[in-house]
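One structure below.
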Amino acid sequence: LSSIYLHIPFCERKCIYCDFYSIENKSKVGNFLQALHQEIDLYKSIIDDEDIETIYIGGGTPSLLTIKEIVKILNHLQTTFHIKQDAEITIEVNPGTVNKQRLSEYLENGINRLSIGVQSFNENDLHVLSRIHSVTQAIDTIESAKSVGFNNLNIDLIYAIPGQTISIWQENLERMLEFQPQHISAYSLIIEENTPLEKMVKTNLVSPIDSELEAEMYSLTMERLTNAGYVHYEVSNYSKPGFQSKHNCNYWNHSDYFGFGPSAHSFQQVKRWWNVRDLNSYCEKLCSGKLPIENSEILSKEDMFNESVMFAIRQNKLQIDGLESKFNVSLSDSWNTIFKEMESNGYLRYENGIVKLNNKGFLICDSIIEKLVSRISLQ
Ligand code: SF4
């Protein structure tokens, strides 16, 4: 089963830490939408055989589009592709950009999952991140979403924000838990290259928090959320049982996905390609009837294996025999000693070829992945 991602590249104002492609100039929305509809048409023959299980409208800030514009896009997708009746359809919204009426219009038009970019319930954190909204607006958006009937709600939070203490982070988690969202994404703040935040760090205007405190925040997140009944189903993602994001799981299980809009990525079987990261060239290419693809790559068997190991560990569902038969390779001899040693050091449980990380294991997830893939050669 496959997925569709739509990248809506407009934001009210750029946040200092963000490296997603989006622009503040909304005078180009009309041109963008025209190009997006052309792109959807061009994909008809490519996606004709696929059953679409999830649609994700992200960005940028998709909630800046009008309801008419959103509905037109959804209708176009419905008439062009085979969208499953019970497809998971998510839209990202930023607090302060939607009201109750807009939220119920989303619901009436088939959007059944809402992802709210709260990021923090602390005013100072929001200020450091240069978010456009206040804590009150975030709470208002969550309450409105619940009151109009959304019952699959994600809240995005960020930790390791400069100036944040462990108790501020703990308060954040507690406030969020009051709303009992079905899904929580909690990411640590990454200082991305070429962002204003990176410049501020380089010029000592901002000091990132140290890695020990960041690890402490991550440990607290895992402990608090699992104690509150959430399943820790991926490094940074937690859900009530049965509410894992199908869309993200499709990415992590190497299902096919098709991305529309500037900078969007696509993947089919072993091929990955991505669109130009510039609205003007995106529109120009589509205007002349061409797909706006910047580049593509074919993943080798080794690439696919390495990614599968990474995804499996990050989703905490590594099963040795499954990987062995998929890639026709013997893994137990090379990996047994690694897993046994890690088990005796308290990082994971290893039983019948199934590996289960515990919280301590999640803290060193990347180095586990590195160790595993470095031991295997698929030649
Ligand atoms: S609202 Fe989201 S996409 Fe837009 S600049 Fe901020 S973080 Fe980036």
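The values are calculated or read from the model by the stated rules, or taken from the named source; none is laboratory data. For clarity, every value in this text was computed on a predicted model and none was experimentally measured. For neighbour counting, all protein chains shown are included, and Cβ atoms are generated from backbone atoms with ideal geometry for every residue, glycine included.
Considering only residues of region 333-371 that are over 17 Å from Val235 (Cα atoms) and in contact (Cβ under 8 Å) with a residue 40 or more places away in the chain, which is surrounded by the fewest Cβ atoms within 10 Å (Cβ to Cβ)? It would help to see each step written out before you state the result.
Step one: list which residues in region 333-371 are over 17 Å from Val235 (Cα atoms), which gives 333-346, 350-354, 371.
Now restrict to residues that are in contact (Cβ under 8 Å) with a residue 40 or more places away in the chain: 334-335.
Details: Ser334: 14, Trp335: 21.
Looking at the filtered set, the residue picked out is Ser334.
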Please verify whether region 113-126 includes one or more residues that are surrounded by 23 or more Cβ atoms within 10 Å (Cβ to Cβ) and more than 14 Å from the ligand (Cβ to nearest atom).
yes
With respect to Leu286, determine if the residue is within 30 Å of Leu33 (Cα to Cα) and part of a helix (DSSP H, G or I).
yes
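Look through Tyr17, Tyr43 and report the one residue that is within 16 Å of the ligand (Cβ to nearest atom) and aromatic (Phe, Trp, Tyr). So that I can check it myself, show each step before the final result.
Working: Tyr43 fails: within 16 Å of the ligand (Cβ to nearest atom).
Matching residue, one of Tyr17, Tyr43: Tyr17.
Quickly run through region 123-147 and pick out the residues that are hydrophobic (A, V, I, L, M, F, W, C) and part of a helix (DSSP H, G or I).
Restricting attention to region 123-147, the residues satisfying the condition of being hydrophobic (A, V, I, L, M, F, W, C) are 126, 128-129, 132, 135, 138-139, 142, 145.
Once the filter is applied, which keeps residues that are hydrophobic (A, V, I, L, M, F, W, C) and part of a helix (DSSP H, G or I), region 123-147 yields Leu126, Val128, Val135, Ala138, Ile139, Ile142, Ala145.
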Scan region 300-312 and report the pairs whose first residue is at pLDDT 95 or above and whose second residue is in a helix (DSSP H, G or I) and of a type in the set (Asp, Glu), with Cβ atoms within less than 9 Å and a gap of 6+ or a chain change.
Met310/Asp366
Of all residues in region 135-173, which are without any contact (Cβ under 8 Å) to a residue 40 or more places away in the chain and among the charged types (D, E, K, R)?
Glu143, Lys146
Of the criteria (1) buried (at least 16 other Cβ atoms within 10 Å of the Cβ); (2) touching a residue at least 40 places away in the same chain (Cβ under 8 Å); (3) among the aliphatic types (A, V, I, L, M), which one Leu1 fails
(1)
